[in-house]
Structures are given as structure tokens and as C-alpha cells.
Amino acid sequence: MSQLDFNMLPEDCASTICSLTSPEDACRLSMVSSSFRSAAESDLVWERFLPSDYRDILARTLKPLKFSSKKELFFLFSESILLDGGKQSFALEKSSGRKSFTLSARELSILHGNESNHWCWKSLTESRFAEAAELKTTNRIEIEGKIRTQMLSPNTTYGAHLIMKISSQSFGLDCIPSEISVNVGDNVVTNTAYLRPKDETKQQMQSLFYANRVQMLKMRVNEGDERLPVERKDGWMEINLGEFFSGEVDEEITMSLMEIKGHQLKGGLIIEGIEVRPKS
């Protein structure tokens, strides 16, 4: 079909075609012809790409959003906005319109999190949230977050990621791997992860002087992949806690990280939150 033929399409027909694609495809179609350009800008099309509960999300924003069209609202949502007094952030995936949420450290259950001799709460310029939690010292780390699948995009595989940093004064965080899990209903998927990237020199010293002790400590932990934190574009690191499927039925998702079997003192872990985002 030539460009002239495309221009002869009724706008409602072009709108229907655009609405059956994705946000990314709609932007491409807007370059095909004037008929598609008009359709691809319409509220009818872009409201379809917004989540069905977008009005509820608007009511929960920390600051009112100003927009003149549904397309503009979609792209505001894609930049990550704060909800619920700034304790959560929400974003839409630009290519698909699928939802992501990040629970701030204040939305998580952190063992002894409100005890000043164990954890402190501080403002960090690099964080999207008003506060992050920094571990001062403890011999047990237990961090848990919960979210319901009705908040997420249906029929989508999600990954849960602990967003964290390690301070320059950290200690005791890499003796044994932490136990991580994602729990959906009766289905629990467990694994293991280290809280900091491996230091080859330190590992060699441990193997030389403390091999038996390190091995004894690791035997207390369930076997797993021993995942490592990876760097993010925003300057934080993240640990993949696990994956789950968000279906049509509303279920509670519990995501956790625990290091309770080493019994050694540890400190210097900084927690921003847990991000739940669609798997690429």
C-alpha cells in the first residue's frame, strides 16, 4: 500500500490499528502518513497503553502531574514518579507499557531497622527516595518486601531486585552468601547471593588462613548460585532476588534476603529498596 493509500484511511480505522500495537509501534506508525500521525497522537490510542488503574495512580502521586494529553501522561509515567508520600516509585516501560514498582527502604521490613544502634536512616542525593537505610552493626540481616500482583501488569514475568550499596567502612558482609527468596502463594523459590562483589586478593588470603572456617560457615547455608551484585546505570548496585509470574489471580509476593547463619558482626550495607520490574 502506498503512502497515498495510507492517507485515504479513515482516522478511526487508523486509530484502531494503532491501538492494537504497542507504544513503541504507535510512535513508528505516526511517521507513516498524516492519517496515522493524527491517530497515533489521539487520547483514544494512548489511553489503551495506560494501565487500567492510571487514575488511582494519579491520585497517589507525591506531586500533581501536569499533562495535556494521554500520550504526554504515558511518557511522564515512563520517567518514574513517587507515590504514597514518596515511599514507592512507579514507572511504565516505554516499549510495552508494562508496570514497574520500587518499594523504598521505609516500605520494607528490616530486622532492627528502627533501632539506632543497628541501623541509621539518611538522605542520599543519589537516591530517588527521601531516606535510605544504612547498617551500622548487627549479626543478623533480615530484609523483606511485599507486593500484590493486582498492582502489576497481568500475564507478565517479573524480577525482584534489591537495590543497595556498600559503604567504604563496611565489614563482615562477604563471609558467607545470603539466602534470598521469592514467595508466591505456596510456591517458594530460593537461592543465594553475596552482598558485595568478590575481592580476589581477600579470597586468596581467606583460603590461605581461614579455609576450614569459611567452608564450615558456608555449609550452614542452603546451596545456590551465589549471585553477585551488578552495577546499575543510576550508580546503585542490585541483587536479583528471583522471578515470578504475575497472572490474572491476585496473589501476595514476598521477597526477602537473609544472612542469619554466619553470626559474625557486619555493617556498611546501604539499602534503597526493592524494585519489581518486567523481565526483559
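Under 7 Å between Cβ atoms, which residue pairs at least 6 apart in sequence (or on different chains) link something in region 49-60 that is assigned to a helix (DSSP H, G or I) with a partner that is aromatic (Phe, Trp, Tyr)?
Between residues of region 49-60 that are assigned to a helix (DSSP H, G or I) and residues that are aromatic (Phe, Trp, Tyr), the close pairs are Phe49/Phe74; Ile57/Phe90.
For region 245-277: of the residues being in a strand (DSSP E or B) and open to solvent by 10 Å² or more (accessible area, probe 1.4 Å), which is nearest to Ser89 (Cα to Cα)?
Among residues in region 245-277 that are in a strand (DSSP E or B) and open to solvent by 10 Å² or more (accessible area, probe 1.4 Å), the one nearest to Ser89 (Cα to Cα) is Glu275.
Counting just the residues of region 45-89 that are in contact with a Ser or Thr (Cβ under 7 Å, 6 or more places away or on another chain) and closer than 27 Å to Ser109 by Cα, which one comes out most open to solvent (accessible area, probe 1.4 Å)?
Residue satisfying both the conditions and the ranking: Lys87.
Report yes if Ala105 is in contact (Cβ under 8 Å) with a residue 40 or more places away in the chain, surrounded by fewer than 18 Cβ atoms within 10 Å (Cβ to Cβ) and over 29 Å from Arg48 (Cα atoms), otherwise no.
For Ala105, the condition - in contact (Cβ under 8 Å) with a residue 40 or more places away in the chain, surrounded by fewer than 18 Cβ atoms within 10 Å (Cβ to Cβ) and over 29 Å from Arg48 (Cα atoms) - is not met.
Quick check on region 256-280: of everything there that is touching a helix residue (DSSP H, G or I) at 6+ places or on another chain (Cβ under 9 Å) and small (Gly, Ala, Ser), which residue is nearest to Val189 (Cα to Cα)?
Once the filter is applied, the top-ranked residue is Gly273.
Looking at Thr157, Thr138, can you tell me which residue is touching a residue at least 12 places away in the same chain (Cβ under 8 Å), in the same structural domain as Val182 (by the TED database) and open to solvent by less than 10 Å² (accessible area, probe 1.4 Å)?
Thr138
Go through region 235-280 and count every residue that is aliphatic (A, V, I, L, M) and either farther than 20 Å from Leu108 by Cα or modelled with pLDDT under 95 (or both).
3
For region 117-125, check the following and say yes or no: at least one residue is under 21 Å from Leu241 (Cα atoms), among the small types (Gly, Ala, Ser) and without any contact (Cβ under 8 Å) to a residue 60 or more places away in the chain.
no
The values are calculated or read from the model by the stated rules, or taken from the named source; none is laboratory data. Computed from a predicted model, the values in this text were never measured in an experiment. Positions of Cβ are generated from backbone atoms using ideal geometry, with glycine treated the same way; all protein chains shown enter the neighbour counts. These accessible areas exclude ligands, DNA and RNA; they are computed on the full protein's heavy atoms, side chains included. Shrake-Rupley method; radii C 1.70, N 1.55, O 1.52, S 1.80 Å.
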